[in-house]
Every structure is written in structure tokens, then in C-alpha cells.
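The values are calculated or read from the model by the stated rules, or taken from the named source; none is laboratory data. Here the structure is a predicted model, which is why all the values come from computation and not from measurement. No Cβ is skipped: glycine too gets one built from the backbone with ideal geometry, and neighbour counts run over all protein chains shown. We work out accessible area using only protein heavy atoms, side chains counted, and drop any ligands, DNA or RNA first. Shrake-Rupley method; radii C 1.70, N 1.55, O 1.52, S 1.80 Å.
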Amino acid sequence: MNVTLAVKQYVSKMIEDSGPGMKVLLMDRETTSIVSVVYTQSEILQKEVYLFERIDSQNRDSMKHLKAICFLRPTKENVQHLIQELRRPKYSVYFIYFSNVISKSEVKALAEADEQEVVAEVQEFYGDFIAVNPHLFSLNLQGVTRGRSWEPSMLSRSTQGLTSVLLALKKCPMIRYQLSSDTSKRLAENVKQIITKEYELFDFRKTEVPPLLLILDRSDDAITPLLNQWTYQAMVHELLGLNNNRIDLSRVPGISKDLREVVLSAENDEFYANNLYLNFGEIGTNIKNLMEDFQKKRPKGQQKLESIADMKAFVDNYPQFKKMSGTVSKHVTVVGELSRLVSERQLMEVSEVEQELACQNDHSNAQQSVRRLLQNPRLSELDAVRLVMLYALRYERHSSSILLSLMDELSRRGVSERHRRVKLLSAVVEYGGKRVRGSDLITPTDAVAITKQFFKGLKGVENMYTQHQPLLHDTLDQLIKGRLKDSQFPYLGASSLRDRPQDIIVFIIGGATYEEALTVYNLNRSTPGVRIVLGGTSIHNTKSFLEEVMMVTSHSSERPQGSGRHGNRR
């Protein structure tokens with residue numbers, strides 16, 4: 001189960017099926033992102049694709065010597081753009097691929113518009129999601145619910161995205177959902193409807209143990225997206241922001257022009273692939289080793305090229321030096337900026353208190369630690385607010401809660417109105433507080449959990465900054481062991497799994513995090529025979545999570561209903 005490979009294979013097949021000759025790749029805003037995270041432009045150029053265009057671009061030139069490969073979402077807008085395109089074709093021949101199921105009526109409308117008979121093929125290739133890592137996907141959707149109900153257009157898009165993942169991975173799963181979440185049940189029912197309606201598409205070879213789709217709600221664990229992170233990918237997203245594998249470094253002091261935006265892709269960057277899940281200390285050591293390796297291999301400034309053989313060796317090796325030089329400067333810049341932010345914002349002290357709030361149950365210590373940090377003038381606004389939020393979630397019903405006093409402290413610090421408002425703090429508790437949660441996020445109640453915590457306390461932890469385990473870890477651990485309670489996570493329909501699940505697709509409404517992706521990566525490595533893929537409506541850092549919380553709890557006006565229907569196939 002590898003979502004990156006699934007999308008790559010779809011893109012490769014589109015290009016191969018169009019045959020030899022020069023090509024243009026016509027995409028929309030979403031499919032541009034879907035393709036760009038799995039393929040670099042230079043890789044696609046090697047496959048004779050010389051031009052990349054948007055279907056909605058008004059000023060494209062007519063180029064009859066090019067074949068057009070169209071990879072588009074099956075929306076009404078895209079179908080209209082295609083109809084206009086086919087009435088006045090700019091290219092010699094069109095190979096049309098929709099990223100999801102398209103209705104027969106829309107295919108008919110395209111056929112009627114194709115009076116010049118330029119369409120060679122219309123197919124469905126189910127790459128309707130962003131493949132972030134091999135075991136992690138996102139739909140890049142923000143603000144998917146209003147209160148406890150779906151935004152209608154977001155429910156439609158999430159259903160399409162999730163069914164597309166199932167089709168890409170060739171899985172027809174049994175479905176379990178979080179009972180405490182109405183949105184989980186709605187999505188589960190919608191996915192089941194599509195599976196039933198499009199039964200021919202889901203007619204895959206039966207496996208001994210059926211795959212399982214588990215649908216969860218972000219509000220069950222609002223603590224994980226509020227924590228600072230210390231592994232490379234998660235830390236980059238938390239402190240710099242990863243958007244479709246791109247980082248905007250334009251605000252970094254003294255940044256050179258060619259490093260203002262960099263791409264971090266495990267598919268094309270060996271250093272990143274090897275360090276994605278390592279902690280910050282290890283990355284520092286590995287960067288030093290990378291630098292030393294580069295220094296050894298780098299051509300010396302005064303290197304004498306005395307023979308043709310010397311010159312040939314230099315020319316042969318230079319592209320590799322150039323590539324390595326780019327990799328070195330990119331990672332040195334990124335790690336340097338992370339290091340600057342850790343120091344400037346005193347994130348080691350902040351993270352220590354966050355971990356104490358998330359993992360321990362000592363109110364007296366916790367309140368002292370939070371108060372002490374709030375009095376530190378170097379503490380950033382975001383870190384001050386997130387500490388108070390973590391305290392509010394952790395001790396919202398504690399008899400000696402000092403939440404009001406901490407909020408006064410935020411006011412005295414001059415935390416801006418946007419953050420200070422009781423609204424944001426109360427919004428987080430409204431979103432993920434005790435009243436809402438379906439599981440025991442905070443207090444272990446059963447004897448086994450208490451014993452585990454006791455022994456963990458005795459042993460100490462390898463790293464005080466990474467003590468926290470997301471709730472997802474326990475949920476998946478229970479699921480794999482066959483102990484996940486049907487009363488909390490019922491099956492949709494009458495049947496249930498008798499055996500230990502092997503292929504598990506987890507989807508979190510309201511967004512997943514890179515810390516949860518790390519949990520899934522580690523479970524995949526440590527549990528032979530079990531393969532897990534994690535997805536979410538988005539991948540959060542603290543800032544995007546707080547935006548999501550405000551959108552969910554503010555009940556702002558409805559967006560227009562989205563389009564997207566089903567029908568024709570291949």
C-alpha cells in the first residue's frame with residue numbers, strides 16, 4: 001500500500017498511452033498539485049512532456065504539433081472548459097483522464113463537442129488526492145465542518161478523495177467509524193454508498209482478511225496538533241510550513257535568491273528521505289557529515305586539469321557535484337533556519353512544558369511551569385497561547401484550575417486581540433474538550449494503562465521532547481490486537497472482522513499531523529504483516545489547526561455547494 005507509487009504509476013501510464021512525440025500536460029489547480037508532489041518537472045520533461053498548462057488559462061497558444069494529455073478533476077467547471085477546448089482545439093489530439101468517476105451525461109456532452117474528432121481517449125485514473133509520503137495522503141481541505149456538521153461541498157470532495165484512494169490502492173474495505181462523531185458516520189455512509197453504486201469498480205480480487213477503513217475525527221485529539229515537533233519533516237512543517245512539499249524561505253534573513261523557495265521531496269532527495277523521521281539532534285550530525293562528504297568530493301579551486309582524462313573526469317562528475325551542492329546548500333539553509341527559530345523562541349524550554357502538560361498528571365508542577373514561561377519576555381505570542389490552550393484542554397475541569405489567571409497573564413503580555421480573545425481559547429475547548437471527546441485522551445482509567453504509565457515514569461524516557469504519543473497510536477494498537485471496542489468504533493453494516501486486520505486505511509476528518517504519520521511509519525516497521533496508510537482532510541501544523549478550529553466553531557456562512565458526480569468508467 002503505497003499512495004505515492006499509485007499516483008506515479010497513473011501519471012506514467014497517461015504519458016506512455018499517448019505514444020511517442022511532443023506533448024503538453026493540461027491540468028487544473030488541484031491536479032497540478034497532485035502531479036507536482038510525485039514528479040519533478042525535469043522527470044516529466046524526460047518523457048517528452050515539454051509544456052505544462054492550466055485548462056482555465058485564457059491565453060494559451062495554438063500548437064498543433066503537440067499532443068494534449070488532460071488530467072483533470074471531474075468538476076462541472078472542468079467539463080465546461082474541456083467542451084470549449086474541443087470546439088476550438090489548440091492541439092492535434094487529446095488524451096483525457098479524469099481523477100475520479102465522471103457521469104455518462106458529461107462524457108456525452110464531451111463527445112458532442114468533439115466535432116473535429118480530436119479525442120483519442122477518455123479514461124478515469126483515480127489519483128484524486130495528494131500523496132505526501134508513501135503512507136500519507138491529504139485532500140488539502142480546510143474548514144470542512146461547521147460545528148458538528150459537514151459543509152456539503154466538503155463532504156462531497158472528501159467522499160470523492162477517499163473513494164479514489166481506495167480505488168488507487170485496489171481495496172474494497174469493511175468500514176469502521178468513530179461513534180462519538182456524526183461527521184465520521186456521514187462520511188462512512190457516503191463512501192459505502194459509492195462502493196455499492198460503483199460495485200464493478202470495486203470488484204477486486206478477494207483477500208483472506210478484508211481491508212479495513214477506519215474513519216476518525218480530529219476533535220478526539222486536539223492536543224497533538226498543538227505540540228512543537230522535533231523530527232525533521234514535522235519540525236519543518238511546524239516552524240516553516242510545508243505546502244505540497246514546498247517551503248517558503250523568502251523571510252529568512254540574508255537568504256539567497258535561488259533558495260527563496262525550496263522543495264523537500266523524499267522521492268528526489270536522498271538526504272531528506274533518510275532523515276525525514278530522525279530527531280533534530282541526529283539531523284545536525286548528519287548535515288555535518290553531508291558537508292564533510294561534499295568537501296572531500298568537491299573539485300579543488302586550483303585543481304589542475306593536466307590531461308584530457310582529467311578534464312573528462314571533471315566534466316563527467318560535475319552534474320553530480322552540482323546536484324550535491326544544491327542538496328547541501330538547501331538542507332544547511334533549512335536546518336540553519338530551524339536552529340535559529342529554536343534558539344530565538346526558546347523552543348526547548350517551551351517544548352519541555354508542552355510535553356509535561358500532554359503526558360503527565362501533576363497540576364501543581366504544570367501551573368508553575370506555565371506561569372514561569374508566560375513571564376519570559378522572549379516567549380513568542382503563538383507559544384504563549386498554545387501553552388494556555390494545552391493547559392485548558394488538560395485541566396479544564398480541575399478543581400484548582402488557574403485558567404482565568406493565565407488568560408489575564410496573556411492580556412498583561414499584550415498578546416494581540418486575535419490570539420488573546422477568550423474566543424480562541426474557548427473555541428479550542430469547544431472543539432476538542434472533554435464534552436466532545438469520544439475517548440479518554442487524558443486520563444488512563446484502566447489498570448493496564450496506569451501500570452504502563454507508572455513503568456514509563458520509572459524508566460524515564462529516551463527524549464523528554466518526544467514523550468508524547470498521539471491518541472492514534474493507542475487506537476491503532478488496539479485495532480491491530482483486535483481489542484478496539486465496537487461500542488466506540490462500530491462497523492458500518494452487519495459484518496465484522498474476525499481476524500487481525502492486515503491492510504488498514506485511516507482517515508482523520510479535520511486533518512492529520514506529521515506526528516501521526518511518524519506513528520504510522522513506526523507501526524508499519526514494527527508490526528510484520530500489517531500495512532497502514534494514513535490520510536486526512538489536510539496535514540496540520542499549529543497555525544493551520546487553529547484556523548481550522550476557528551472556522552469550525554464560528555458557524556460562518558455556508559460556501560456554495562460543490563459539484564462532482566459519478567458514472568462512466570475504465
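Over 25 Å between Cα atoms: which of Lys171/Lys481; Lys108/Lys171; Lys288/Lys543; Lys67/Lys108 fall into that group?
Among Lys171/Lys481; Lys108/Lys171; Lys288/Lys543; Lys67/Lys108, the Cα-Cα distance tops 25 Å for Lys108/Lys171; Lys288/Lys543.
Roughly how many Å is it from the Cα centre of the range 501-521 to that of the range 108-183, as a whole number?
Cα centres, the range 501-521 to the range 108-183: 17 Å.
Under 19 Å between alpha carbons, and skipping anything fewer than 8 positions from Lys330 in its own chain: which aspartates and glutamates qualify?
The qualifying aspartates and glutamates are Glu238, Asp248, Asp258, Glu261, Glu267, Asp269, Glu270, Glu282, Glu292, Asp293.
Arrange the peptides 216-227, 232-243, 390-401 so that the one whose residues have, on average, the most other Cβ atoms within 10 Å appears first.
Averaged packing, sorted descending, gives the order 216-227, 232-243, 390-401.
Of all accessible surface on the chain at a 1.4 Å probe, what whole percent is carbon and sulfur?
49
Could you check what % of the DSSP bridge pairs in the chain are antiparallel, to the nearest 5?
Roughly 20 percent of the beta bridges in the chain run antiparallel, per DSSP.
Highest first, please rank the peptides 25-36, 333-344 by the mean number of other Cβ atoms sitting within 10 Å of their residues.
Highest-to-lowest ranking by the protection proxy: 25-36, 333-344.
Show that you can apply the helix-only estimate: for the chain, add -39,500 (n - 2.57) for every DSSP H stretch of four or more residues, divide by all residues, and state [θ] at 222 nm to the nearest 500.
One gets -14500 deg cm²/dmol as the mean residue ellipticity at 222 nm.
Distance between the C-alpha centers of the range 336-361 and the range 26-43? Whole Å please.
35
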